[in-house]
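S.K.: The structure under discussion is supplied below as structure tokens; questions concerning it will follow.
The values are calculated or read from the model by the stated rules, or taken from the named source; none is laboratory data. In this text the structure is predicted, and so the values were computed from the model without any measurement. Ideal geometry is used to build each Cβ from the backbone, glycine not excepted, and the neighbour counts take in all protein chains shown. Surface areas here come from the heavy atoms of the whole protein model, side chains and all, with no ligands, DNA or RNA. Shrake-Rupley method; radii C 1.70, N 1.55, O 1.52, S 1.80 Å.
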Amino acid sequence: MMMKDRKTTFLKSIYIRGLLIGFLFLALFSSCSDKYAVFKNLYQFKSDGKKPDYSNLNYWAAHPLKWDPSDSIPKPLRKEKRDTLVDVFFLHPTIYTMELKDSSLNADIDDPYLNAKTDYSSILYQASVFNQHARIYAPRFREAHISAYFPKDTLAALKAFDLAYEDVKTAFEYYLKNYNHGRAIIIAAHSQGSTHALRLLKDYFDNKSLQKQLVAAYVVGMTIPRNSFSSLQMCEDSLQTGCFCGWRTFREGYKAPYVEAEKEFSFVTNPITWKTDSEYARKKMNSGSVLYKFNKVYKRTTDAQIYEGVIWVKRPKFPWSFLYSTKNYHVGDINLYYVNIRKNVGQRIKCYFHNQMVK
């Protein structure tokens, strides 16, 4: 794509970037931000040339060859039978929200606080949803700063996202060469991670030989344009494999300005029914949410219904939820449906291997 076209595309899609402004793991899903400073001393590594070296486990936020927060299991779920039949390649959302250190819009790959924050927010509260059935690989990458979504310099912002994606590609290619060995794969991501995941799916899976190894892709928290892929299809139910699903969560009756600006409805999945129709899923069908207390599973927190490219829900019910007045539930896209996702991963994996046997 020519730079002029990319600039136009970027400007047209800038509305989706507003989702990230609500990235409040600090307040809702992982307590206060000061707690991350406690872990800074665990991240005192330095790279050559300020680039991630994926042969070094330090540059994986999650990896099967070390313990990391993605291995954590909420206490009520610890009796579940576990297996590692597939691999999950997980891309975390925008964590780099603090003040810019310099003119660069990309994160320092060796920043101790940022790495601690990544691991004890997204990796703990999001990537862990996959650990019942999979080995989790989550690369560190030089993510774009949140301000890149509201740029004064559009070309600089595009370059920041390109640099982040180059790291993601490098990590994925290293994973394929050194760890995959033909194993089935799940691609999973949230927010900025989903921006990169869509490109990754297009470059490596869509109408490519690797597509046959794809169990499913969970591309959450970003719009999924209708022209995203030529071969990959939207998952239509809870059992389909080799497909993708995704959603964005808002209070019933609310449409954010950037949603209003969309010229076509995004692909969207109901994360309770796993269908793409407008069927209403009641709270009793929500198997459990993992919110600000990792070891507490809150059941029946909210419902879900697809409406014009997004998920509409009633105000979630959890302790002190009456203080949570926002209508944009971007921060809870995964956490509100934590147990439902966890169960669905197992369902799709079972179907994937069944389909492989009958071929």
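S.K.: Any idea which of A216, H190, F265 is furthest toward the positive side of the dipole for segment 158-272, if Lys and Arg beta-carbons carry +1 and Asp and Glu beta-carbons -1?
M.R.: The one lying farthest along the dipole's positive direction is A216.
S.K.: Return the sequence-ordered ³J(HN,Hα) values of segment 261-271 in whole Hz as given by the Karplus equation 6.51 cos²θ - 1.76 cosθ + 1.60 applied to θ = phi - 60°, using x for Gly and Pro.
M.R.: For segment 261-271, the Karplus-derived couplings read 7, 5, 7, 8, 6, 5, 4, 8, 10, 7, x Hz, x marking Gly and Pro.
S.K.: Report the local net charge at T276: Lys and Arg +1, Asp and Glu -1, summed over other residues whose C-beta lies under 11 Å from its C-beta.
M.R.: -3
S.K.: Another question, if that's okay. Summarise the accessible area of segment 111-225 (1.4 Å probe, protein heavy atoms) by the percent that is carbon and sulfur.
M.R.: Within segment 111-225, the accessible surface is 54 percent carbon and sulfur.
S.K.: Moving on. Over all directions, what mean area does the Cα convex hull of segment 259-359 project, stated in square nanometres?
M.R.: That works out to 8.3 nm², a quarter of the Cα hull's surface.
S.K.: In nm², what is the average projected area of the convex hull enclosing the Cα atoms of the chain?
M.R.: Its Cα hull, projected and averaged over all orientations, spans 17.4 nm².
S.K.: Now for a separate question. Whose amide H sits under 5 Å from the amide H of A62, counting only residues 5 or more places off or on another chain, with H placed in the peptide plane?
M.R.: Here the answer is A138, since their amide H atoms fall under 5 Å of that of A62.
S.K.: Quick one: dipole size for segment 124-258, taken about the Cα centre, charges +1 on Lys/Arg Cβ and -1 on Asp/Glu Cβ, in debye to the nearest 20.
M.R.: Dipole of segment 124-258, to the nearest 20 debye: 80 debye.
S.K.: Compute, for the chain, the length of the dipole vector about the Cα centre, with Cβ point charges of +1 (Lys, Arg) and -1 (Asp, Glu) only. Units Debye, rounded to 20.
M.R.: That gives the chain a dipole magnitude of about 1040 debye.
S.K.: Given a cut-off of under 8 Å on Cα pairs at least six residues apart, what relative contact order in percent is computed for the chain?
M.R.: 19
S.K.: Round to a whole angstrom and tell me the spacing of the C-alpha centers of segment 145-193 and segment 225-304.
M.R.: Answer, in whole Å: 22.
S.K.: What ranking of E143, E308, E99, E173 comes out by heavy-atom accessible area, probe 1.4 Å, highest first?
M.R.: E99, E173, E308, E143
S.K.: Now for a different question. Given axes a ≥ b ≥ c from the Cα gyration tensor, I'd like to know whether segment 111-252 is rounded (a/c under 1.5), prolate (a/b larger than b/c) or oblate.
M.R.: It comes out rounded by the Cα gyration axes.
S.K.: Local charge sum around A134 (other residues, Cβ-Cβ under 12 Å, Lys/Arg +1, Asp/Glu -1)?
M.R.: The answer is +2.
S.K.: Solvent-accessible area per residue for segment 204-275 at a 1.4 Å probe radius, Å²?
M.R.: For segment 204-275, the per-residue accessible area is 39 Å².
S.K.: Taking the inverse of the average 1/r across all pairs of different Cα atoms in segment 36-171, what Kirkwood radius in Å do you get?
M.R.: 15.7
S.K.: Please say if segment 187-307 is rounded, prolate or oblate, where rounded means a/c under 1.5 for a ≥ b ≥ c the square roots of the C-alpha gyration tensor eigenvalues, and otherwise the choice is prolate for a/b larger than b/c and oblate otherwise?
M.R.: Prolate is the answer for segment 187-307, as a/c is 1.5 or above and a/b outweighs b/c.
S.K.: Going by accessible area, probe 1.4 Å, with all protein chains left in place, what is the ranking of Y36, Y204, Y280, largest first?
M.R.: Y280, Y204, Y36
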